[in-house]
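Below are the structure tokens for one structure; questions will follow.
The values are calculated or read from the model by the stated rules, or taken from the named source; none is laboratory data. This is a predicted model, so every value here is computed, not measured. In this analysis, Cβ positions are derived from the backbone assuming ideal geometry, glycine residues included, and neighbour counts consider all displayed protein chains. We work out accessible area using only protein heavy atoms, side chains counted, and drop any ligands, DNA or RNA first. Shrake-Rupley method; radii C 1.70, N 1.55, O 1.52, S 1.80 Å.
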Amino acid sequence: MELFIDRLTKQYGAKLAVDRFTLKLSKGIYGLLGPNGSGKTTLLRMIADVLRPTSGEITVDGVDIRRLDEAYRDVLGYLPQDFGYYRDFTAIDYLMYLSAVKGLKKNRAEHQTKKLLAFVGLENEAKNKIKSFSGGMRQRLGIAQALLNDPGILILDEPTAGLDPQERIRFRNIISDISENKIVLLSTHIVSDIEYIAGQVIMMKNGELLKQGTVQELAELVMGKVWSFALGAQETEAIKAKHIIANLKHTENGVELRIVADNPPHEKAVSVPPTIEDTYLYYFNEVNAL
């Protein structure tokens with residue numbers, strides 16, 4: 001299966017939320033990385049066919065998704081950033097209800113609901129009301145609903161927002177487990193969400209495709225632009241006023257600094273190997289949310 005996004009544009013008045021975005025995806029995990037406000041959610045809503053583009057098209061194996069219509073929704077799973085749920089539904093009732101909405105027959109719906117609750121670690125919570133769930137449990141229920149129809153295309157919009165580190169790791173592992181024969185597009189502004197599981201990372205800025213490549217390829221974009229050195233506390237304050245600090249660590253010998261900059265920020269600075277987080281900092285000019 002191939003998903004092709006061709007010059008996709010969404011305009012609101014004079015504002016271009018997404019600007020001629022072109023991307024080709026086959027099976028695997030794609031991380032869509034960019035700061036808040038970069039157009040990620042608008043792009044994903046168009047791919048999920050809940051928002052019509054101003055121009056451009058989306059095709060699956062060469063056929064426009066508008067022509068595919070119901071056949072497209074049959075192969076699509078979507079977890080929006082704020083997915084709707086009924087607080088007084090139990091987990092099992094919620095998934096059975098959505099199975100009916102998606103047109104699954106009762107036997108298959110029962111099988112999928114039981115299987116997916118176990119898969120996301122909620123089998124012991126099946127008869128509990130969703131209002132009693134933690135944020136991480138609700139997100140796991142969200143991925144379960146997105147997988148009910150065993151989709152070939154899975155769209156996830158900021159799925160780990162607000163989760164604690166343990167739940168984020170659990171969620172990453174779930175995504176990795178299901179990705180073998182699917183196209184998975186995961187939007188985030190948190191580098192660590194995709195650093196270890198994405199085969200390709202797409203960087204988006206101001207509605208446009210900025211860069212695309214593997215984690216290693218994107219890290220290498222800032223080779224020779226990442227610096228490490230240690231200073232005293234007073235000197236550190238002057239450096240902080242001129243540069244965004246990627247990392248700062250107080251030690252017995254002073255303050256160890258990691259800075260991304262085109263030129264050495266200090267005479268003591270030495271070049272060090274870059275990471276994709278350094279690339280994020282360089283292109284988006286903000287410290288990534290860890």
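Using the structure shown, decide if Val255 is more than 22 Å from Gly28 (Cα to Cα) and either among the charged types (D, E, K, R) or buried (at least 18 other Cβ atoms within 10 Å of the Cβ) (or both).
So Val255 passes the test.
Can I ask one more? For region 32-94, list the helices (runs of 4 or more DSSP H) that sit wholly inside it and hold at least 3 residues that are open to solvent by 70 Å² or more (accessible area, probe 1.4 Å); which are they?
Once the helices (runs of 4 or more DSSP H) in region 32-94 are filtered for at least 3 residues that are open to solvent by 70 Å² or more (accessible area, probe 1.4 Å), what remains is 70-74.
Can you name the residue in region 267-290 that is modelled with pLDDT of 90 or more and touching a helix residue (DSSP H, G or I) at 6+ places or on another chain (Cβ under 7 Å) and, of all such residues, is farthest from Met204 (Cα to Cα)?
Pro274
Considering only residues that are of a type in the set (D, E, K, R) and either open to solvent by less than 90 Å² (accessible area, probe 1.4 Å) or in contact with a helix residue (DSSP H, G or I) (Cβ under 7 Å, 6 or more places away or on another chain) (or both), which ones fall in region 95-109?
Lys102
Taking region 258-281, which residues are hydrophobic (A, V, I, L, M, F, W, C) and either open to solvent by 50 Å² or more (accessible area, probe 1.4 Å) or closer than 12 Å to Phe229 by Cβ (or both)?
Listed by number, the residues that qualify are Ile259, Ala261, Ala269, Val270, Val272.
Pull out all pairs, ordered by first then second residue, where Cβ-Cβ is under 6 Å, the residues are six or more apart or on different chains, the first lies in region 83-112 and is touching a residue at least 12 places away in the same chain (Cβ under 8 Å), and the second is surrounded by fewer than 13 Cβ atoms within 10 Å (Cβ to Cβ) and not β-branched (Val, Ile, Thr).
Arg87/Lys131; Thr90/Lys127
So, in region 220-259, how many residues would count as being part of a strand (DSSP E or B), more than 29 Å from Val201 (Cα to Cα) and in contact (Cβ under 8 Å) with a residue 24 or more places away in the chain?
Of the residues in that region, 6 qualify.
Can I ask one more? Of the numbered conditions (1) farther than 25 Å from Val18 by Cβ; (2) touching a Gly at 6+ places or on another chain (Cβ under 6 Å), Met204 satisfies every one except a single condition; which is it?
Among (1) farther than 25 Å from Val18 by Cβ; (2) touching a Gly at 6+ places or on another chain (Cβ under 6 Å), the lone unmet condition for Met204 is (1).
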